[in-house]
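As structure tokens, the structure follows; a few thoughts come after it.
The values are calculated or read from the model by the stated rules, or taken from the named source; none is laboratory data. Quantities reported herein were computed from a predicted structural model and do not represent experimental measurements. Here Cβ is always computed from backbone atoms with ideal geometry, including for glycine, and neighbour counts include all displayed protein chains. Each accessible area value is taken on the protein alone, full model and side chains, heavy atoms only, with ligands, DNA and RNA left out. Shrake-Rupley method; radii C 1.70, N 1.55, O 1.52, S 1.80 Å.
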Amino acid sequence: MKQTLWTLAALLSHWRRRPGNLATLVAGLAVATALWSGVQALNAQARMSYDAATAAISGGGARTLVAARGGLFDQDLFVKLRRAGVDVSPVLEGAARIGDKTIRIIGVEPVSLPRASPIAHKRKRADVLEDFFSGEGRGFAAPQTMRRLGLAEGAQPQTERGRRLPPLAALAEAPPGAIVVDIGVAQRLLDRPGALSRLVIADDAAPDDERVKRVAGEALRLVAADDESELARLTDSFHLNLTAFGFLAFLVGLFIVHAAYGLAFEQRLPTLRTLRALGVAPPNLVVAMACEVAVLTLVAGGAGVIGGYAIAQALLPDVAKSLESLYGAQISESLSLDLRWFLSGLVMAGAGAVLAAASGFAKALRLPPLSVARPIAWRAEHHRYLRRQAALAFLALVAAACAYGSGEGLASGFAMIGCSLLAAALFLPVALAGALALGERLARRPLARWFFADGRQEISGLSLALMALLIALAANIGVGGMVEGFRQTFTRWLDARLAAEIYFEAATPADARDIEAWMRMQKDISAILPVWRAKTRIGEGPVEIVGMTPHETYAAHFPLLEAAPDVWTALHAEDAVLVSEQLARRRGVGLGAVIGIPTSTQVWRARIVGIFPDYGNPKGQLRIDHERLKRYFDDASGVHYGLRIASDATARVIDNMQRRFDGKIARIIDQSELKGLSTDVFERTFAVTTALSTLTLVVSGVALFASLLTLSDMRQARIAPVWALGATRRKLAGLELMRVMAFAAVAAICATPLGLFMTWCLVAIVNVAAFGWRLPFHVFPSQWLVVFLIALCAAFLAALVPVARLARAAPTDLLKVFSNER
Amino acid sequence: MSIHATPEHLEATWKAAPMLRVEGLCKSYSTPQGAIPVLRGVGFTLAAGASLALTGESGSGKSTLLHLVGALDDADAGEIFLDDARLTLLSEHARAAVRREKIGVVFQQFNLIPSLTVTENLGFQARLAGRYDSAWQDELTHRLGLTELSGRYPEELSGGQQQRVAIGRALAVRPKLLLADEPTGNLDEASGDKVMTLALDLVAATGCGFLMATHSERLAARLQRRVRLESGLLAPQ
Amino acid sequence: MGAALSRRSALLLALSSTSALAQDFGGLGALGALGALGGNATGFAFPKPGTPLVFPKDHGAHPEFRTEWWYVTANLKDADGASYGVQWTLFRFAMAPNSARAGWDDRNLWMAHAAATSAGEHLYAQKFARGGIGQAGVEASPFRAYIDDWLLETRNVTASAGIEQLRVSAYDGIFAYTLDLAAKGPIVLQGEGGYSRKSDAGQASYYYSQPFFTAEGVVAFHGRKTQVSGRAWMDREWSSQPLGPDQKGWDWFALHLDGGAGLMLYRMRGIKAAPFLFGNWIDDEGATSPLARDDIAIEPLETMRIADRDMPIRWRVRIGSRGVDIRTQPLNPRSWMGTDPAYWEGPIRFSGSHKGEGYLEMTGY
């Protein structure tokens, strides 16, 4: 359609004359897309790794049998099932450490491995069997895993228990962070003889749950193929947080796009009218505008997706470390993304561009080909605008209230935060207009009155950028408050929880016994505190069980949120437990309630005598008496201990123990190092959030800059009359600067209570729904001051260039305003 | 005098096959105080190659009438026949086509597309209508004295130069009807005269109809015919 | 041959049942029945002439030898007179010498083939298992050979019982069978007291049979059960290198002659040299007389294209000293075992100077 093409040419020629405007538009959309797609890439990569881990063994789509209680089960269940004709393949998985890095050991049985397993796919199972059986065997690892561990082909590293691995070989299909060995070798490396963690059902076997039940009884539980992997469920909230932030950043970026596009639209309005007058039909006009948006999407969206890749690549190591430390999840550290991610980024960019341009399209459709010149109509328009903003703000507030009322879920928490931010942002221009009206009434000097009156005209042009600034500032305060509050709470809690001076893990229970015997004879060691662990499942979630001996260390230091008056005596004397905060919340139980705990043999019913905080643990935790742990859980770890020692003897004792029990100690660490490690994990987790938050602030600063730049021409037209009447350009420019900074200051002041509200939401609703534990609510006035100064700085920097231009505008330019030749 | 022209006038114009015929045009604007009638039954004809000046005081409705004839606005009542097409019956789409191909418009100000050069502006309507003729455009450029200015942007031109470009754009498409709404309103007398001379020459050369609204009696005298708009009605002079 | 086998195995598998394991063990061809039967056998024990076979101990496994099998074939008829054949085989391969260990460290690989043949259908299945953990194995006394849920075990659980009364069963998605076997004659030692030579170069195995089983039980094709009864023959062999470097495969006949006698014949085919023939005449009381090489004449009469190979399906067998001149023909010519390794095995009938039925196995084509 020739018409449409020429119309498009006329529209595009606008950017030729205003490349800065175009750059802003493209940059805004690109940055928004980059932040969004970067976060999506991180999430997708993690999900891929979780799935890959399971799929590598069973080949996606296979069902598995796991222990009903969680943990390991005896391999004679495997033999019994096979003797009964059920086609299953055994797998043993566990964690081990090589040097200071954690890896997963996966033991498989190549003869029975399902055909669909990627491991069996690349190398024939017979070859795998040969590899496993020849010489010292083989351990398969992905090339990147070997690189991360710093090992070459054929290397035979040792685990922390002193077991030597078979020679390593590279296999691209091996899951990340894992070494695949023969199942017998795995049992030896993990010191779990005769134990299995899973049975994979061969994919072409007909399901026969009857037979399985007959043979295995209640010992095994079927996990369907499409059941979300355990890891995916545990890490859900982590990823949701990332997504929420990505979305926030995208939204702020969209503000830029909307502002830039809207301003461009206003500037092209005369052109649009001329086009209509020349005979371009409205649909053609809209089609041409749509084409323009499409080209913009492709260019800016494409650049954004590439930027997103870079962001994800930069943040991936931190995210990987966090996931590993928090959940034990291993994710690949090199991004491998498919076309779908790329396309979804473009779609997001397109949606954003359309959203931003939608109002322009609507106006263009209804555009009459005439402009009936009404120069001072802006006042009426301005009032309408303010009324509309106020109405929308009210609606958003109502939506927020509904979200609050609708429940305790994560989604409603985020919805509430989002709607509140939107309401505050929408209301900001109204508030500013009100403040300016007040100022105008109070001001005496003419220039001052002009300062306030003219400022109101500027509001509608700057409103989007200021709204973006408000949201970014509020988010900064909100998230920053939460993080800082968490940091303080966490440090205090860590101090209380890590009461012992030394923590160590023996290689085997027998070794532990030897060490215990020696320790009893040491004068330096004032207390030996076994902290053995077991695993079970309560409801749908995994639960850790930790044993405690009756020792005054606990009574003195162990932090409790709620406790029965006789908590410590009850714990050791009766059938009583302490539950972690998140477990209590998840099961809906409180002090005094009785819960059923599946043990090795039965279901043990115990009374809850205390609730303790357990920050950062995705699983529920129970604390019970040490003797009861030994009695009820025959698979208790039996190797973990804490030692009470005089602090100056710590280094000496560690040294002694290491020298004496070299191979028998898997790990030994002192309190300060352990605290350092924990804090490090914490910092890394929030490093990502902080990075995103800062980026959002930068984006909003750019929005402000862009808006001011594009407004500068209009500002010249407003300044000209005042200049002609006798004010100097320097003075007028200075007033402009002050005005912008005043706007930013107001935004910062509004952002503070908003940010506090956001902190409260995050702490009381979002965090509780996502993780299960609640942080106390802290305020940090120093933070407000910092944010205020940041806002002023941002405004100053953003306004610098436009204001300077204004100050140095040539008189001829200003005069053109009057001669109608502009 | 009343509504229509004298029978003699009618006969003369009818014999010359009128390209434009307007009958009983009515238009009012709505304000918060009520409807204000601007045109109350205007009618006239214009033959191809003829020129007609519309005079009247500011606010008398000259622009409104021009906008209606140029298919830029809708009348409340009446008919407009342009080249045998009944404008009032046409759809939005068809009217846009008429504007593109058959009508050239020159406003008082803000005619040109600010982001296109002079050359691009000149050829724009012709290209839209699919009637671009580079030879004709070159001739127009030459006759309008715009050759040295072809690479400039509108904001770099004086008012007179801009109006010359506007006329060139309007005529480049070889319209049946050229409308001008106070084309020299923003220009000084000398420039205005020059622009008018050029316009009239080119109109005679192309043989299109020329309808111009102006408050200047002097300019109006240079056209073939004049009518005066008073209280929403036409009075021939 | 390994790779070519896999593709075709896949096609044939589509006709049969489970165990898609076959195609991945294409590589096992090198280690599989044929390869392990030839090639390097350092570290393993070798059969020596003059070693007495002791029962029930020798019913069990001999892990110091590289390969071993327990082999049952049965010729059956149902009430309407329709003929069927059933095969049950359990192989043991040692992947390293002296590597029988408890647990996963055991280096024995167990493989089993089961087949059921009727005039119109030949269905088969294959299983693999590792040794040492109880998934597969053989116990000598009381006798039990098992892999997953396939069993060959004694019905008489006293300490001294050997293999006189056995039950053999196999299950698969498409077919299944359970047969009770009762020995009507003594165990027969092949070769010289169980030492059976396979080539001029000296390859040999320990080999005994129980050819006098009566069989009774149920065979099910696609879930349709049929009561059957007939005769069965069990073979036991173990060695470390039964094939010489130039031997590609063999043809083996186990024939029940009407009248009660039995005939076991082996024709080891060489690449260059003439086939190595040996056999055993077993009279109806179990007395054996090994047959001299030049006494035996076995010639293929007709070949058919099966699984991209030219397989001789009809044979002429002559034993001069016994006046045997018979022609054999298969119950179902398409008795191809698309397992890994792949071979032909199915029930046959014969007529001529003697009449009867038996089993034919052809490998290495």
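Details
- Projected onto their three principal axes, the Cα atoms of the protein assembly as shown cover extents of 147, 91, 50 Å, largest first.
- Reachable lysines, given that their alpha-carbon falls under 27 Å from the alpha-carbon of residue A:675 and they are not under 8 places away in the same chain: A:101, A:321, A:523, A:535, A:619, A:664
- Degrees, to the nearest 10: A:19-58 long Cα axis against longest axis of chain A: 10
- For the stretch A:440-597, the spherically averaged projection of the C-alpha convex hull amounts to 19.3 nm².
- Alpha carbon centroid spacing (whole Å) that separates the stretch A:257-332 from the stretch A:153-189: 47
- Inter-part distance where the stretch C:92-109 and the stretch B:18-90 are each reduced to a Cα centre, Å: 106
- Low-density loop positions, trypsin sites (Lys or Arg not before Pro), the stretch C:176-274 - DSSP coil, at most 11 other Cβ in 10 Å: C:272
- In terms of accessible area, using a 1.4 Å probe and ignoring ligands and nucleic acids, B:158, C:321 rank largest first as C:321, B:158.
- Where A:326, B:89, A:800 fall by accessible area, highest first, once all protein chains stay in place (1.4 Å): B:89, A:800, A:326
- Rolling a 1.4 Å probe across all protein chains gives residue C:77 an accessible area of roughly 90 Å².
- A 1.4 Å probe, protein heavy atoms only, puts the accessible area of residue C:327 near 110 Å².
- Centre separation in Å (Cα based) which lies between the stretch A:527-564 and the stretch C:161-189: 59
- Peptide A:528-538 has a mean shielding of 0, counted as Cβ atoms of other protein chains within 10 Å of each residue's Cβ.
- Gyration tensor (alpha-carbon) shape descriptor, the stretch C:2-362, a/c threshold 1.5: rounded
- Carbon and sulfur %, accessible surface of chain B computed with the full protein complex present, 1.4 Å: 51
- A simple spin-label model places the labels of residue C:287 and residue A:714 12.2 nm from each other, with each point 7 Å out along Cα-to-Cβ.
- Cα-projected label distance for residue A:487 with residue A:401, points at 7 Å along beta-carbon direction, nm: 3.7
- Overall form of chain A per C-alpha gyration tensor (a/c, 1.5; a/b vs b/c): prolate
- Above 20 Å, the calculated P(r) of the stretch A:62-225 contains 50 percent of its Cα-Cα pairs.
- Accessible surface of the stretch A:62-225, 1.4 Å probe, proportion on carbon and sulfur as whole %: 47
- Computed [θ] at 222 nm, deg cm²/dmol, chain C (DSSP H ≥ 4; -39,500 (n - 2.57); rounded to nearest 500): -2000 deg cm²/dmol
- The share of accessible area on chain C that comes from carbon and sulfur is 52 percent, using a 1.4 angstrom probe.
- Over 28 Å (Cα to Cα) - which of A:213/C:77; A:2/B:176; A:80/C:198 fall in this group: A:213/C:77; A:80/C:198
- Accessible area expressed per residue, the protein assembly as shown, with surrounding protein chains retained (probe 1.4 Å, Å²): 41
- Heavy atoms of residue B:193 accessible to a 1.4 Å probe, total area in Å² rounded to 10: 40
- Between helix B:118-129 and chain B: long-axis angle, C-alpha atoms, 0 to 90°, nearest 10: 50
- Inter-chain shielding of A:5-15 (mean C-beta neighbours from other protein chains, 10 Å cut-off): 4
- For B:92-101, mean number of other protein chain Cβ atoms within 10 Å: 4
- Here each label is just a point 7 Å from Cα along the line to Cβ, and for residue A:294 and residue A:314 those points are 3.4 nm apart.
- Buried solvent-accessible surface, both chains (C, A), 1.4 Å probe, Å² to nearest 100: 2300
- Heavy-atom accessible area order for C:304, A:146, largest first, 1.4 Å probe: C:304, A:146
- Acute angle (nearest 10 degrees) that the helix A:339-365 long axis makes with the longest principal axis of chain A, alpha-carbon atoms: 30
- Chain pair A, B: total accessible area buried, heavy atoms, 1.4 Å probe, Å²: 2500
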